[in-house]
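Notes follow the structure.
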Amino acid sequence: MRASQQDFENALNQVKLLKKDPGNEVKLRLYALYKQATDGPCNMPKPGMLDFVNKAKWDAWNALGSLPKETARQNYVDLVSSLSSSSEAPSQGKRGADEKARESKDILVTSEDGITKITFNRPTKKNAITSQMYRDIILALKNASTDNTVMAVFTGTGDYYCSGNDLTNFTSATGGIEEAASNGAVLLRDFVNSFIDFPKPLVAVVNGPAVGISVTLLGLFDGVFASDRATFHTPFSQLSQFPEACSTYMFPKIMGPTKAAEMLLFGKKLTAREAWAQGLVTEVFPESTFETEVWTRLKTYAKLPPNVMRISKELIRKHEKQKLYTVNAEKCAAALERMPREEYAKALRNFLFRKAKAKL
Ligand SMILES: CCCC/C=C/CC(=O)SCCNC(=O)CCNC(=O)[C@H](O)C(C)(C)COP(=O)(O)OP(=O)(O)OC[C@H]1O[C@@H](n2cnc3c(N)ncnc32)[C@H](O)[C@@H]1OP(=O)(O)O
C-alpha cells in the first residue's frame, strides 16, 4: 500500500521523537527524500565547494534524480519506520527482562476476580506520577493485555486519585530543559500509546481529586466511576503546557468544543457531577458508599464474556486508532518544538517555591 499524506506527516513527527541520533548519512537521506517528496526533483543551484553542509544536502537531493514524489514519500515513511523500530527494540527487550521482576511501591498491581487493579500509591505526594511510575504503568498494561485479566481498573491511595505529572520529574535532567523535554516527549508518547492500545475494558475508579494527565487520560477509558468528592482539573495554560493524552481530540468529541475549551484552555475545575453532565464520568456515587457500590458493580462486569468485550472494544476503537496515534505524536512533537520554555520554567518555579512564598 502507498504511503498517504497522513502517513508522511506522522513520519515527520516520528523523526522528531527518535531516541538515538541516526547519524549524518541517514539524516542526509531523510533530507533528500523529504525535499523530493515535497518539492520534486532538485531545482536549487549547486552550492559552492566550500559550503560543505549545503553541498552535501544538495548532492543527496540531486542524487534522487527524477524519483516520483509518491515514491520518495513512501521511502521516507519506510526509512523512518525502520529507524523507529531499531531505536526502540533493544531497550524494550532489556526492559522486558529486568522490569518484570521489579517490585513497584508507587504503582501497586494486584489481580483478583479477573480484575487487574493498578493503584497510584504515593499518597504523601497526592499520587503525582514520577517517570518510573509512567514506566511501571506501561508495563502493567502490557502484562494485563496478554494475561488472563478481564478488565483493568485504575484508582488511587489516600485522599487524591492523582495530582498528575510530578512537576519535579524533569528538573534534575543533566542536559537541562532541552534534554528533559526530549525524554519527556518520548516517555509520554509511549505511555499514552499503551492506553490507546489496551485491548480490554479499562475503568477508572476516581476516589478523589484528579489533576492534569490523570484527567486527560480519562477520554481513553471505557468507564469512569467517581466519588462525589472527586474533582477534575486540567490547569495546562496556568502551567504553560499543552493538553496531552489525545484530550484535544477526545474531549471535544465527548463534551463538545466549548466545554472542552473551558477545561483545556481556561483550566476550569469540574465537580464530579459537572464532569458527569459533560459525559466525562459514567456515574457518580456518594463518598460513603463509593467503594462498596463500585467494586460490586465491577465484579459483576468482570464476569461478562471476556472475548465478546474485547472484540466489541476493538470494533469501537478500530476506526479511531490511527487518528489517536497521530494526535498523540503531534502533541509530543509540539511539546518539543513549541513549548514556551521560559513560561514553563516560571510556572514550575512558582509551584516549587509556593510554600516558601506563602511563609513570607
Ligand atoms: C512525561 C509526561 C508528561 C505529562 C504531562 C502531564 C501534564 C500534567 O499532568 S499537568 C498537572 C500537574 N499537576 C499539578 O499541577 C498539580 C500540582 N499540585 C498542586 O497543585 C497541589 O499540590 C494539589 C492541589 C494537588 C494539592 O494541594 P494541597 O495543598 O492539598 O497539598 P500540597 O501540600 O500541595 O501537596 C502535598 C505534597 O505533594 C506534592 N505534590 C502534589 N502534587 C504534586 C505534583 N503534581 N508534582 C510534584 N509534587 C506534588 C507537594 O509538593 C507536597 O509535597 P511536600 O509535602 O514535600 O511539599
Could you compute the net charge surrounding residue 244? Neighbours are other residues with a C-beta less than 12 Å from the C-beta of residue 244; K and R count +1, D and E count -1. +1
Region 154-272 - share of DSSP beta bridges that are antiparallel (%, nearest 5): 20 percent
Would you mind putting 70-79, 151-160 in packing order, based on average other-beta-carbon counts within 10 Å, highest first? 151-160, 70-79
Virtual spin-label span in nm between residue 183 and residue 111, 7 Å along Cα→Cβ: 3.2 nm
Potential lengthening between residue 55 and residue 238 on full extension [0.36 nm per residue; Cα-Cα distance subtracted]: 61.3 nm
Between region 1-66 and region 273-338, the Cα center-to-center distance that results, in Å: 40 Å
Segments 228-235, 181-188 sorted - mean Cβ within 10 Å per residue, highest first: 228-235, 181-188
When a/c reaches 1.5 or more, the comparison of a/b and b/c decides; with that in mind, is the chain rounded, prolate or oblate per its Cα gyration tensor? prolate
Using 0.36 nm per residue, how much length does the chain from residue 344 to residue 300 gain when fully extended, once their Cα-Cα distance is taken away? 11.4 nm
Just need the relative contact order of region 242-306 here, percent rounded to a whole number, with Cα pairs under 8 Å and 6+ apart. 21 percent
Packing-based exposure ordering (other Cβ within 10 Å, fewest first) of 134, 161, 344: 344, 134, 161
Taking a crude spin-label model, label points 7 Å out from Cα along the C-beta direction, the residue 266 to residue 307 distance in nm is 5.0 nm
Shape call for region 180-245, from the Cα gyration tensor axes a ≥ b ≥ c (a/c under 1.5 means rounded, otherwise prolate when a/b beats b/c, else oblate), comes out oblate
A chain fully extended from residue 67 to residue 4 at 0.36 nm per residue, minus the present Cα-Cα distance, gains in nm 21.0 nm
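Readers should treat all values here as calculations from the given coordinates under stated rules, not as data from a laboratory. The structure displayed is predicted, hence computed values, not measured ones. When we count neighbours, we look across all protein chains shown, and the Cβ atoms used for this are built from the backbone with ideal geometry, even at glycine.
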